[in-house]
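K.L.:
This is the structure I want to talk about, given as structure tokens.
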Amino acid sequence: QVQLVESGGGLVQPGGSLRLSCAASGSAVSIHTMGWYRQAPGKQRELVAAIAPGGTINYADSVKGRFTISRDNAKNTVSLQMNSLKPEDTAVYYCNARRETFSSWGQGTQVTISS
């Protein structure tokens, strides 16, 4: 079973950047579909970006061209580089590892975009 710990959240002004990291233990990120999700107050959790074991990447339309997901197999981490941040990106961001019927979540990290 994989355990996930997110880091890197914080408060930034609109137009700024943040880099989120997800450190995995217990299993390799390379064999899981690794995803970043977010949940804003009063809204459902939504997929932001995901990277499959073979390297296929998917992004939500709302973040295409601004966010980049990457995986470091040697460090067993997954990162989300977020640029040109907007107030509507404010949410708790969660890391997810999925493989067949297994799914594991991190505890989440708060991202707040405000001037």
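K.L.:
Suppose accessible area is computed on protein heavy atoms with a 1.4 Å probe; arrange 36, 105 from highest to lowest.
P.N.:
Ranked from most to least accessible, the order is 105, 36.
K.L.:
Also, I was wondering about something else. Using amide H atoms built in the peptide plane, which far-off residues or other-chain residues are under 5 Å from residue 48 H to H?
P.N.:
Correct list: 36, 37, 38.
K.L.:
Let me ask something else. Can you give me the solvent accessible area of residue 21 with a 1.4 Å probe, rounded to the nearest 10 Å²?
P.N.:
Residue 21 has an accessible surface of roughly 40 Å² with all protein chains in place.
K.L.:
Non-local amide H neighbours of residue 86 (under 5 Å, H modeled in plane, Pro and chain starts lacking H): which ones?
P.N.:
Placed amide hydrogens put 15 under 5 Å from residue 86.
K.L.:
Hey, what's the Kirkwood Rh for the chain if you take every pair of different alpha carbons, in angstrom?
P.N.:
Averaging 1/r across every pair of different Cα atoms and inverting gives 14.0 Å.
K.L.:
Moving on to the next point. With every protein chain kept in place and ligands, DNA and RNA left out, what is the accessible area per residue of segment 1-94? Probe 1.4 Å, answer in Å².
P.N.:
50 Å²
K.L.:
Separate question: Apply the Karplus parameterisation 6.51 cos²θ - 1.76 cosθ + 1.60, with θ equal to phi minus 60°, to every residue of segment 80-86 and state each ³J(HN,Hα) to the nearest whole Hz, in sequence, with x for glycine and proline.
P.N.:
Here the 3J(HN,Hα) series is 10, 8, 10, 10, 6, 5, 10 Hz.
K.L.:
Which value, in debye to the nearest 20, describes the size of the charge dipole of the chain about its Cα centre when Lys and Arg Cβ atoms bear +1, Asp and Glu Cβ atoms bear -1, and nothing else is charged?
P.N.:
Details: 11 positive and 7 negative charges, 12 e Å.
In total the dipole reaches around 60 debye.
K.L.:
Same structure, new question: Assuming R0 = 30 Å, what is the FRET efficiency of residue 73 and residue 115, from their Cβ-Cβ distance, to the nearest 0.05? Don't skip to the answer; put the middle values down first.
P.N.:
Values: r = 38 Å, r/R0 = 1.26.
For residue 73 and residue 115, the calculated efficiency is 0.20.
K.L.:
Across segment 108-115, in residue order, what do the Karplus-derived ³J(HN,Hα) couplings come to in whole Hz, using 6.51 cos²θ - 1.76 cosθ + 1.60 with θ = phi - 60° and x for Gly and Pro?
P.N.:
Calculated HN-Hα couplings, in order: x, 9, 7, 10, 10, 10, 7, 8 Hz.
K.L.:
Additional query: Which loop-located trypsin sites (Lys or Arg not before Pro) does segment 16-53 contain, where loop means any DSSP state but H, G, I, E or B and the Cβ has at most 12 other Cβ atoms within 10 Å?
P.N.:
In loop regions of segment 16-53 (DSSP not H, G, I, E or B), the sparsely surrounded trypsin sites (Lys or Arg not before Pro) are 43.
K.L.:
Taking θ = phi - 60°, what integer Hz values does the Karplus form 6.51 cos²θ - 1.76 cosθ + 1.60 yield along segment 55-66, in sequence order, with x for Gly and Pro?
P.N.:
Once θ is set to phi - 60°, the couplings for segment 55-66 become x, 5, 10, 10, 10, 5, 4, 5, 10, 4, x, 10 Hz.
K.L.:
Another question, if that's okay. Where in segment 26-43 does the label zone of residue 99 land, with the point 7 angstrom along Cα→C-beta and an amide N cut-off under 16 Å?
P.N.:
So the set is 26-35.
K.L.:
What are the extents of the Cα atoms of segment 52-115 along their three principal axes, listed from largest to smallest and rounded to whole Å?
P.N.:
Cα spread of segment 52-115 along its principal axes, largest to smallest: 40, 25, 23 Å.
K.L.:
If you don't mind, another one. In what order, largest first, do 100, 6 sit by accessible area if the probe radius is 1.4 Å?
P.N.:
Ranking 100, 6 by accessible area, largest first, yields 100, 6.
K.L.:
To continue, here is another question. Using only the heavy atoms of the protein chains and a 1.4 Å probe, how would 11, 47, 18, 80 rank by accessible area, largest first?
P.N.:
11, 47, 18, 80
K.L.:
If amide H atoms are built 1.01 Å from N in the plane of the peptide, which residues on other chains or at least 5 residues away come under 5 Å of the amide H of residue 27?
P.N.:
3
The values are calculated or read from the model by the stated rules, or taken from the named source; none is laboratory data. Keep in mind that what you see is a predicted model, and the values were worked out from it rather than measured. FYI the Cβ positions are ideal-geometry reconstructions off the backbone, even for glycines, and counts take in every protein chain you see. Just the protein is used for accessible areas: all its heavy atoms, side chains included, with ligands, DNA and RNA removed. Shrake-Rupley method; radii C 1.70, N 1.55, O 1.52, S 1.80 Å.
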